[in-house]
1. Mind checking which residues of segment 16-30 are within 11 Å of the chain's Cα centre (by Cα) and assigned to a helix (DSSP H, G or I)?
2. Looking only at segment 32-54, how many residues end up being over 17 Å from the mean Cα position of the chain (by Cα), of a type in the set (G, A, S) and within 24 Å of N22 (Cα to Cα)?
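Taken together, the values in this text are just the output of simple stated rules run on the coordinates, not laboratory data. Owing to the predicted nature of the structure, the values given are computational and were not obtained by experimental measurement. All Cβ positions, glycine included, derive from the backbone under ideal geometry; neighbour counts span all protein chains shown.
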Amino acid sequence: MSTVVVKNGNVEFALRNLKQKNAKDGLLKAARERNEGYMKPGVKRRKAKKEAIRNSHKRERRERYN
C-alpha cells in the first residue's frame with residue numbers, strides 16, 4: 001500500500017502523487033487481472049507479447065523526441 005503525506009493542506013497534489021505511485025506499482029492492473037479469472041497459458045503468452053510490443057513502441061516514441 002502506498003502512502004502520501006499531505007503538505008500545507010494541498011490534497012489535490014497528494015491525491016495526484018498517490019495515483020502515480022499506484023500506477024507505478026501496478027496495483028490496479030494486478031487487481032484487474034485477478035478479476036478476469038483463470039487465463040489459459042497461450043492466451044497469457046499472447047497478451048504478454050502484445051503488451052511488450054506496445055511498450056517497445058512507446059519507448060521508441062519517447063526516445064525519438066528526446
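1. K19, Q20, K21, N22, A23, K24, D25, L27, L28, K29, A30, listed by residue number.
2. 1
Listed here are the residues, each with its yes/no results for (1) part of a helix (DSSP H, G or I); (2) loosely packed, with under 10 Cβ neighbours inside 10 Å; (3) without any contact (Cβ under 8 Å) to a residue 40 or more places away in the chain.
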{"residue": "V6", "(1), (2), (3)": "no, no, yes"}
{"residue": "A14", "(1), (2), (3)": "yes, no, yes"}
{"residue": "R34", "(1), (2), (3)": "yes, yes, yes"}
{"residue": "K44", "(1), (2), (3)": "yes, no, yes"}
{"residue": "R62", "(1), (2), (3)": "yes, yes, yes"}
